[in-house]
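Derivation of every value follows stated rules applied to the coordinates shown; laboratory data play no part. No experiment lies behind these values; they were computed from the predicted model shown. As a convention, Cβ positions derive from the backbone with ideal geometry for all residues, glycine included, and neighbour counts pool all protein chains shown.
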């Protein structure tokens, strides 16, 4: 657009209520700086003689709620020697026997086929209990087929149906025996994960940085570097929750994408929960929220009396849960490091639960829309952050520009790197709930236009 001050250099001011521009040249509404939004919207002139009024401080609208990351990363990081690591769990020590079929049964002796591998969990002379509480003694174990005989003078054996579970009461012996039949070997579960490397990078040329040093109207340059850390923390946060254990091809810029580089990706909390078959409830409404929550809470109660588990969901879901319980939470102060997170605690029986608002669940640029309706209950004592020995979870640095240390690059690059994975022992002590109709979908809450 034209600069109104260049239109004429001599004029005669004639007071006029009809033509105010004869008195004011240019008119005040036509006196706009270069880049004026008002001039663009209403097609007015712009002049270089005045500058735009720009607030020095750029408001930071990035969501701040990283309570989960802090709760987890405040724990001691487990350093592993390799980028692939295995961790073991001791199992409960006894397994219910699941029936696949019954091949014969006369009330005194029954031949029962167990599901695959079931024969590894029982030996002869074990007392097993049917769903109707009738006891029998195992006489023969042949792979996954067992022969059960009734107790002398006891109740006749019942029909054993597919999907029935037989409980193991105990291992019986007789006085004077000179042989052993109840040999056991501790069973273990092997779990594994990969460590994942994450990067965020920025490049500024020397001339760009000089211009900002000489002419900056805002604190953009400083905030731009700060954003690097925020973006990496978001990457780590999302990967901890939803990372898929596997491998990714890394595309080299300027190539056809047939990447020679391979990168490991870590398994996050939710995919590891799904793989372990944790307890879950879906389609939960306001009317069924309390019942579903409490049912799963008791079903997954592996902790000692008074043990604490954490509830992670967006604030609106946590609010509905608090209304369902109709009680005020007690102030939660676990220790000085995380005591300022302003958390409360709820009690159900001898169990305790701490709600943690996780607002990034409703940010669609971070998680699928379904996460807005999801509530996680986690035993954080079973979850541990992992890094490879020789690295730190977060590292950063910058390159030298031209003229420094012999560099010929006419720019400076800032990089920040994360290395992260996790161990998730006994995922069955955690659960999740998918709700419906409690909160509405929010598509772009943190990207205002």
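Here segment 282-300 and segment 416-444 have alpha carbon centers that stand 17 Å from each other. Taking label positions 7 Å along the Cα-Cβ direction at both residue 398 and residue 34, the computed distance is 2.8 nm, reported to one decimal. The length gained by stretching the chain between residue 370 and residue 263 to full extension, at 0.36 nm per residue less their Cα-Cα distance, is 35.8 nm.
Distances between every pair of Cα atoms in segment 108-184, grouped in 5 Å steps from 0 to the bin holding the largest one, split as 3, 16, 28, 28, 15, 8, 2, 0 percent. Modelled label positions at residue 74 and residue 436, each set 7 Å beyond Cα in the direction of Cβ, lie 3.8 nm from each other. In whole percents, the pair-distance distribution calculated for segment 218-322 from its alpha-carbon pairs, binned every 10 Å from zero, is 11, 24, 29, 19, 14, 4. Straightening the chain between residue 104 and residue 229 buys 38.2 nm, computed as 0.36 nm per residue apart minus the Cα-Cα spacing. A simple packing score, the average count of other Cβ atoms within 10 Å per residue, orders the peptides 212-222, 429-439, 174-184 as 429-439, 212-222, 174-184, with the highest score first. Could you pull out which residues in segment 87-109 have an amide N less than 19 Å from a spot 7 Å beyond the Cα of residue 428, following the Cα-Cβ vector? Counting only backbone N, you get 87-100. Stretched out straight at 0.36 nm per residue, the stretch from residue 188 to residue 280 would grow longer than its current Cα-Cα span by 30.7 nm. Taking other C-beta atoms within 10 angstrom as a stand-in for reagent exposure, 384, 199 fall in the order 199, 384, fewest first.
Legend: calculated FRET efficiency, residue 217 to residue 348, from the Cβ-Cβ distance at R0 = 45 Å, rounded to 0.05, equals 0.20. When each of the peptides 159-168, 136-145 is scored by the mean number of other C-beta atoms lying within 10 Å of its residues, the order from highest to lowest reads 136-145, 159-168. Indicate the gyration tensor shape class of segment 369-449 (rounded, prolate or oblate), computed on the Cα atoms with a ≥ b ≥ c the square roots of the eigenvalues: a/c under 1.5 is rounded; otherwise a/b larger than b/c is prolate and the rest oblate. Oblate, because a/c is 1.5 or more while a/b does not exceed b/c. Placing pseudo-labels 7 Å out from each Cα toward the beta carbon at residue 90 and residue 165 gives an inter-label distance of 2.3 nm. Ranked by the mean number of other Cβ atoms within 10 Å of their residues, highest first, the peptides 74-83, 362-371 fall in the order 362-371, 74-83.
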